[in-house]
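Colleague: Following this message is one structure expressed as structure tokens.
The values are calculated or read from the model by the stated rules, or taken from the named source; none is laboratory data. Small disclaimer: the values here were computed from a predicted structure and weren't measured. Glycine gets a Cβ as well: all are built from the backbone with ideal geometry, and neighbour counts include every protein chain shown. Side chains included, ligands, DNA and RNA excluded: accessible areas come from the protein's heavy atoms. Shrake-Rupley method; radii C 1.70, N 1.55, O 1.52, S 1.80 Å.
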Amino acid sequence: MCNGRACVSELPGMGGVRNNENFILNVSDWERIRRENSEKIEEFLNLPPEFRIPKIAIAPITGAVENIGYSDEKIYYAHIVAASKNVGIGLCIGDGYPDDKLKFGIEAIESVKSTASVFIKPYSNGKIIERIEWASKIANLIGIDIDSYNILTMRNMVNLEKKTAEQLSEIRDYAHKVLNVPFAIKGIFTDEDLELVEEVRPDVAYISNHGGRIETRKGSTAEFLAAHARDAKSNCGAVWVDGGIRTPLDIATAHALGADRVLIGRPFVTALCKDGERGLCGKVLELELVQYAK
């Protein structure tokens, strides 16, 4: 299992900060949170199967050469996008440095004649809008990755900002009025982030600590979802979550506690590297057994 213990502090790479502290908590806390909320989980598992169908997407992951070990960035995006579409999970692409990373993701989505959720780093708003324009033909949602201004691998490479509610509202309005697509704030993990959700009222509040790869408070996305999903949902249209989701019961737990969609990164990428599309398909089928988890 990808649990954060084999890649401690590998950045660049698949690891996280502080000896993978939050990465490890992300994985281990789903079982603890499940025990603490056993009645909610049981209630969810007692629903008819059609109400328990998991909503899964691939988390936006960039930096295939430096972080994953792919020989070519463009080939990675072509592989991961095509495989994800073919096995029927939601498509997401992310931003990165240099600009080719986002452009390769856009090209990959275009090549499979589909659309995707597009997550952009917190550059200046002018630069964000430029990137939104690049993705305008394939975006079905625009999100701002608010916590990535603090990611170790991008420090001293690009100018990223800690976004204000006013700045995020400007991007929300652009996504709504110009592209007519939903807007998401990704990286909700602190009380301050919840205040942003309350002020901006995005379509999606995406709970994430960047897989344990950023400097933030100690904790897991599972505990944050359990504590704050209701508050977040009162100020947005939907709640998404990623971080440490490894089993069908983890997915059931996330949905039972208020998540409308779960996003998975490292396990899908590892499956793709191990056995291509067949590997990714096997991992998806394994996780979708949540329909029969009871």
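Colleague: Classify the stretch 93-174 from the C-alpha gyration tensor, please: rounded if a/c falls under 1.5, else prolate or oblate depending on whether a/b exceeds b/c.
Modeller: Oblate shape, in that a/c is at least 1.5 and b/c is the bigger or equal ratio.
Colleague: List the aspartates and glutamates whose alpha-carbon lies under 15 Å from that of residue 74, not counting same-chain residues fewer than 8 positions away?
Modeller: 66, 95, 99, 100, 107, 110
Colleague: Any chance you could list P(r) for the stretch 1-152, counting all Cα-Cα pairs in 5 angstrom bins from zero, rounded to whole %?
Modeller: Values per bin, smallest distances first: 2, 8, 14, 16, 17, 16, 13, 9, 4, 1.
Colleague: Mind grabbing the accessible area of residue 70 for me, 1.4 Å probe, Å², rounded to tens?
Modeller: 40
Colleague: Over the stretch 104-186, what is the relative contact order in percent, taking alpha-carbon pairs closer than 8 angstrom and at least six residues apart?
Modeller: Answer for the stretch 104-186 is 33 percent.
Colleague: Using the Karplus curve 6.51 cos²θ - 1.76 cosθ + 1.60 with θ = phi - 60°, work out ³J(HN,Hα) for each residue of the stretch 117-126 in order, rounded to whole Hz, and write x for Gly and Pro.
Modeller: 6, 10, 10, 10, 5, x, 5, 4, 4, x
Colleague: Right, something else. Calculate, for the stretch 121-200, the solvent-accessible area per residue in square angstrom, rolling a 1.4 angstrom probe over the heavy atoms of the protein chains.
Modeller: Value for the stretch 121-200: 46 Å² per residue.
Colleague: Top to bottom by accessible area (1.4 Å), largest first, where do 281, 273, 92 land?
Modeller: 273, 281, 92
Colleague: Taking only C-alpha pairs under 8 Å that are 6+ residues apart, what is the relative contact order of the chain in percent?
Modeller: 23
Colleague: Under 8 Å for C-alpha pairs, at least 6 residues apart: give me the relative contact order for the stretch 154-252, rounded to a whole percent.
Modeller: Relative CO of the stretch 154-252 lands at 25 percent.
Colleague: Moving on to the next point. Heads up, I need the accessible area for residue 104: 1.4 angstrom probe, whole protein in place, Å², nearest 10.
Modeller: 50
Colleague: Sort 157, 1 by heavy-atom solvent-accessible area, probe 1.4 angstrom, most to least.
Modeller: 1, 157
Colleague: What does the extension gain come out to for residue 35 and residue 234, with contour length at 0.36 nm per residue minus their alpha carbon separation?
Modeller: Stretched out fully, the residue 35 to residue 234 stretch lengthens by 69.1 nm.
Colleague: For the chain, with all protein chains present and a 1.4 Å probe, just round the carbon and sulfur fraction of the accessible area to a whole percent.
Modeller: 48
Colleague: May I ask for the equivalent-ellipsoid semi-axes of the stretch 199-273, computed as the square root of five times each C-alpha gyration tensor eigenvalue and listed largest first in whole Å?
Modeller: The answer is 21, 14, 12 Å, longest axis first.
Colleague: May I pose another question? Could you give the Stokes-Einstein D for the stretch 83-225 in µm² per second, using the C-alpha Kirkwood radius, 4 °C, 1.567 mPa s?
Modeller: In µm²/s, the coefficient is 84.
Colleague: Please work out how much length the chain gains when fully extended from residue 7 to residue 111, using 0.36 nm per residue of separation minus the C-alpha to C-alpha distance, in nm with one decimal.
Modeller: Between residue 7 and residue 111, full extension yields an extra 34.1 nm.
Colleague: Can you pull the three principal axis extents for the Cα set of the chain, in Å, largest first?
Modeller: The Cα atoms of the chain stretch 48, 43, 38 Å along the principal axes, largest first.
Colleague: If 166, 286 are ordered by their accessible area, calculated over protein heavy atoms with a 1.4 Å probe, which sequence runs from highest to lowest?
Modeller: In descending accessible area the options line up as 166, 286.
Colleague: Pull up the cross-link candidates among the lysines for residue 162, meaning alpha carbon to alpha carbon under 25 Å and not fewer than 8 places away within one chain.
Modeller: 101, 103, 121, 127, 177, 186, 218, 233
Colleague: Moving on to the next point. At 7 Å along Cα-to-Cβ for each site, give me the label-to-label distance between residue 191 and residue 223 in nm.
Modeller: Reported label-point gap for residue 191 and residue 223 is 1.5 nm.
Colleague: State, in angstrom, two size descriptors of the stretch 66-132 derived from its alpha carbons: Rg to one decimal place and Dmax to the nearest whole number.
Modeller: Rg then Dmax for the stretch 66-132, in Å: 12.2, 36.
Colleague: Additional query: Cross-link candidates for residue 163: which aspartates and glutamates have Cα within less than 14 Å, leaving aside residues fewer than 8 places away along the same chain?
Modeller: 145, 147, 192, 193, 195, 199
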